[in-house]
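Chemist: Mind having a look at this structure? Questions to follow.
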Amino acid sequence: MKPVDLVTRAPNTWCPGCGNFAIQHALKDVVSGLVEEGTPLERVVLVTGIGCHGKMADYLGVNSFYAIHGRTLPVATGIKVANPDLVVIACAGDGDCYGEGLEHLLFAAKRNVDVTLLVHDNRVYGLTTGQYTPTSPLGFPGRSTPRGTPEYPINPVELMIAGGASWVGRGYSRRLPQLRGLIRGGIRHRGFSFLEVLQVCATFYNRTEYYDGHVYDLDTGSFPAGEVDAALAAAREWDYSRDARIPLGVFYEAVFPTFEERLAEQRAPGADPAEVMRKLFRDRT
Ligand code: SF4
């Protein structure tokens, strides 16, 4: 299968220069690679939310589900629990996932459901023409905040490490080879993988020059996997407002039983609920 086979004939309405194109190509290449390695395309499911990113469901020729605003992760969780053999990938926007869907994000992380989430974080509501989102910087002069938002942004990478996600990474829509590797790594990870993608919005919040001048790659060689404190320190290097270097790469990775595995243990014929709980406690500690 050639990567191009996954692109549908749906007319593309993203603005010229939009970072969504790069994310689409990276995801297409990764899914195509999975299929070449033997994963049937029928086993791959894409769930998207509402926003410019959501059009990914139209533009990629894989089984897909267009969820309502903020509800990407409950749908993806339900699909994975109903059929754990599926490879479930969710795409969400920053307004979608960190605004309306924040509670679902925290629950997906704490459950460790085996879903890969890509957040297309352009730090603005692009589809509705430029309002501030939870990751817009202090002072962002959006349509709903013409004097500049007086709110500080959240740091989603820090939030996900603290929230218990078992794989946390950050990519950038103009670093395509690295982005492919991060998406592949997230999908290969057994458990909830959270990939924040700094996505250029060419029309309403173009941070190309700033990102190009500030991003750098985490030195994963000197960065021990599963070290929460080191991961948090790296995540706090940039707080989404301050002028600072922006680390890209994998911040945190740990392996423990997934939500669907724990459910299966509980529901196994003849399982002793108390013994299952003791085992689950041992597995996590
Ligand atoms: Fe992309 Fe921004 Fe245009 Fe939406 S508004 S398609 S995010 S450039």
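The values are calculated or read from the model by the stated rules, or taken from the named source; none is laboratory data. Please read these numbers as outputs of a predicted model, since none were measured by experiment. As a convention, Cβ positions derive from the backbone with ideal geometry for all residues, glycine included, and neighbour counts pool all protein chains shown. To get the accessible areas, we keep the full protein, side chains included, count just its heavy atoms, and leave off ligands, DNA and RNA. Shrake-Rupley method; radii C 1.70, N 1.55, O 1.52, S 1.80 Å.
Chemist: Just the residues that are modelled with pLDDT of 95 or more and either of a type outside the set (A, V, I, L, M, F, W, C) or open to solvent by 10 Å² or more (accessible area, probe 1.4 Å) (or both), please, taken from the stretch 97-109.
Modeler: Of everything in the stretch 97-109, those that are modelled with pLDDT of 95 or more and either of a type outside the set (A, V, I, L, M, F, W, C) or open to solvent by 10 Å² or more (accessible area, probe 1.4 Å) (or both) turn out to be Tyr98, Gly99, Gly101, Leu102, Glu103, His104, Leu106, Phe107.
Chemist: Answer yes if at least one residue in the stretch 142-152 is open to solvent by 10 Å² or more (accessible area, probe 1.4 Å), touching an Asp or Glu at 6+ places or on another chain (Cβ under 9 Å) and closer than 26 Å to Leu46 by Cα, and no otherwise.
Modeler: no
Chemist: Let me ask you something else. For the stretch 115-133, name all the residues that are more than 16 Å from the ligand (Cβ to nearest atom) and in contact with a helix residue (DSSP H, G or I) (Cβ under 6 Å, 6 or more places away or on another chain).
Modeler: Matches in the stretch 115-133: Val115, Thr116.
Chemist: So, Ala90, is that one closer than 23 Å to Arg262 by Cα and open to solvent by less than 10 Å² (accessible area, probe 1.4 Å) or not?
Modeler: So Ala90 passes the test.
Chemist: Here's a follow-up. Leu102 - would you say it is touching a Pro at 6+ places or on another chain (Cβ under 8 Å) and either more than 30 Å from Val30 (Cα to Cα) or touching a residue at least 24 places away in the same chain (Cβ under 8 Å) (or both)?
Modeler: Judged against the criteria, Leu102 is a match.
Chemist: Being open to solvent by 60 Å² or more (accessible area, probe 1.4 Å) and within 16 Å of the ligand (Cβ to nearest atom) is the filter here; which residues of the stretch 18-42 pass it?
Modeler: Phe21, His25
Chemist: List every residue pair whose Cβ atoms sit under 6 Å apart, with the two residues 6 or more apart in sequence or on different chains, where the first one lies in the stretch 112-128 and is among the basic types (Lys, Arg) and the second, anywhere, is near the ligand (Cβ under 9 Å from one of its atoms) and not in a loop (DSSP other than H, G, I, E, B).
Modeler: Qualifying pairs under 6 Å: Arg123/Tyr205.
Chemist: If you don't mind, there's one more thing I want to ask. Take the residues in the stretch 118-128 that are open to solvent by less than 50 Å² (accessible area, probe 1.4 Å) and more than 16 Å from the chain's Cα centre (by Cα), then tell me which one is nearest to Gly95 (Cα to Cα).
Modeler: Checking each candidate, the answer is Val124.
Condition check ((1) open to solvent by less than 20 Å² (accessible area, probe 1.4 Å); (2) within 16 Å of the ligand (Cβ to nearest atom); (3) touching a Pro at 6+ places or on another chain (Cβ under 7 Å)) across all residues:
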position	(1), (2), (3)
Ala165	yes, no, no
Leu176	no, no, no
His189	yes, no, no
Gln199	yes, yes, no
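Chemist: In the set Ala271, Ala244, which member is in a loop (DSSP other than H, G, I, E, B), aliphatic (A, V, I, L, M), open to solvent by 10 Å² or more (accessible area, probe 1.4 Å) and within 22 Å of Leu138 (Cβ to Cβ)?
Modeler: Ala244
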